[in-house]
Amino acid sequence: QLQLVESGGGLVQAGGSLRLSCAASRSISSINYMGWYRQTPGKQRELVAGITRGGSTTYVDSVKGRFSIARDNAENTVYLQMNSLKREDTAVYYCKALSSGRDYWGLGTQVTVST
């Protein structure tokens, strides 16, 4: 089993920054893929950023140049650094891990960007 716990969300003004953390209950060094997703009411959950075991990253176009994903295998944690936040970044952010063919999700952390 793998449990994921997100933290770091909150209320921030437009243009500000937040760093989200996703702490795993066990080692993530062998997990092939981990990612951050977000969801707003009435919309499907969307990929924000992903990172492979080898360190390759991917981002949705709307966050490129503003967000950065990183994984710290020693700390069993994946981070999402979010800069230049916009109102449209407001959402619940979820951490996901793909391990042994199964998806694991955290419960999410709310990010609210005010103008």
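The values are calculated or read from the model by the stated rules, or taken from the named source; none is laboratory data. None of these values were measured; they are calculated from a predicted model. Neighbour counts run over all protein chains shown; Cβ positions are idealised from the backbone, glycine included.
Taking (1) closer than 14 Å to residue 3 by Cα; (2) modelled with pLDDT of 95 or more in turn, residue 99 satisfies each apart from (2). Restricting 78, 113 to those that are closer than 14 Å to residue 8 by Cα, in contact (Cβ under 8 Å) with a residue 60 or more places away in the chain and not acidic (Asp, Glu) reduces the list to 113.
Considering the stretch 40-73, the residues that are exposed (fewer than 11 other Cβ atoms within 10 Å of the Cβ) and among the polar types (S, T, N, Q) include one that is farthest from residue 90 (Cα to Cα), namely 56.
This table checks each residue for (1) out of contact with any Lys or Arg (no Cβ under 8 Å at 6 or more places or on another chain); (2) of a type outside the set (A, V, I, L, M); (3) part of a strand (DSSP E or B); (4) at pLDDT 95 or above.
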{"position": "34", "(1), (2), (3), (4)": "no, no, yes, yes"}
{"position": "43", "(1), (2), (3), (4)": "yes, yes, no, yes"}
{"position": "47", "(1), (2), (3), (4)": "yes, no, yes, yes"}
{"position": "111", "(1), (2), (3), (4)": "no, no, yes, yes"}
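For residue 94, the conditions (1) within 19 Å of residue 2 (Cα to Cα); (2) touching a residue at least 24 places away in the same chain (Cβ under 8 Å); (3) surrounded by fewer than 18 Cβ atoms within 10 Å (Cβ to Cβ) all hold with the exception of (3).
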